[in-house]
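Encoded as structure tokens, the structure appears first; notes follow it.
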Amino acid sequence: MDFTNKKILITGAGRGLGKVIAFEFAKAGAHVAVHFNTSKQEAELAVLELEGENHFSIQADLKDPDAVKALLDIVVERFGKIDILVNNAAVILYHPIAEVSYEEWQKAWDETITVNLKAAANLSFCAAQEMKNTGGGRIVNVSSRGAFRGEPDMPAYGASKAGMNAMSQSLAMALAKWNIFVGTVAPGFIETDRVAPILNGERGEDIKKQSPLGRVARPEEVARGVLFLASEGTEFMTGAILDINGASYLRS
């Protein structure tokens, strides 16, 4: 896949899956804006490690709609345009309904929906306004198998990702006439630093056995799915949700 000189914004790209997505796009010739909120040092190091040139890191608190708009405006100012938006940033908050207080429950829902869904919606809106004026573009959203199978200990997370799926399909229908194509990847567990304590803990082997492959996804495998949906020639897949979970959850 060739992304030579494509201008790309990836949220939550200072570490984990987002960082690997940034690496893969850079290797394919893209210019990448690496968004972060609190991981400043990691994001700056990630930029230094990217192949090619014209990459930069940029901070924004996605809970703030004004910061979201400013983020997109700065990226367009720096790059001159935006070709691809990857909504990767997410929070995962533990809040089982039988164990948390009402206040904790509300806080978990507010923060999760705001970051995982509303921020992605706001960024998609801002990016679409630019893409409409430059001949089109791609939006790829990182969802989760939890949108389909449920997340009993993190119900807001599952709901946010189900909302992201519905939003992606709605935007695919609304934006196609401007050559703006929207795709979604829905991974299961991914071998990143954030989930390493879980995979190395007492639940680790059971989680790996959920897949007939006996392991969880490598970040590169999910990143390739993102690049595929963002690539030329996949226009008729707009609205598609690509499962990348090693057959750990199969939906009809």
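The values are calculated or read from the model by the stated rules, or taken from the named source; none is laboratory data. Please read these numbers as outputs of a predicted model, since none were measured by experiment. Positions of Cβ are backbone-derived with ideal geometry, glycine not excepted, and every protein chain shown enters the neighbour counts.
Here are some residues: SER124, SER170, SER144, SER160. Which one is out of contact with any Gly (no Cβ under 6 Å at 6 or more places or on another chain), in a loop (DSSP other than H, G, I, E, B) and modelled with pLDDT of 95 or more? Unique residue meeting the criteria: SER144.
With respect to ILE8, determine if the residue is β-branched (Val, Ile, Thr), at pLDDT 95 or above and assigned to a helix (DSSP H, G or I). So ILE8 does not fit the description; no.
Please go through the stretch 101-136 and give me each residue that is farther than 30 Å from GLY233 by Cα, of a type in the set (A, V, I, L, M) and in contact with a helix residue (DSSP H, G or I) (Cβ under 7 Å, 6 or more places away or on another chain), ordered by number.
Of everything in the stretch 101-136, those that are farther than 30 Å from GLY233 by Cα, of a type in the set (A, V, I, L, M) and in contact with a helix residue (DSSP H, G or I) (Cβ under 7 Å, 6 or more places away or on another chain) turn out to be ALA108, ILE113.
Here is a check on your reading of the model: is LEU171 on the phi < 0 side of the Ramachandran plot and buried (at least 17 other Cβ atoms within 10 Å of the Cβ)? Yes, satisfied. Out of everything in the stretch 196-230 that is free of Cβ contacts under 8 Å to residues at least 12 places away in the same chain and part of a loop (DSSP other than H, G, I, E, B), what residue ends up being farthest from PHE25 (Cα to Cα)? In this case the residue turns out to be GLU202.
Please find, among ALA147, ALA156, ALA230, the residue that is touching a helix residue (DSSP H, G or I) at 6+ places or on another chain (Cβ under 7 Å), within 15 Å of ASN87 (Cβ to Cβ) and surrounded by 16 or more Cβ atoms within 10 Å (Cβ to Cβ).
Only one candidate passes the filter, namely ALA147.
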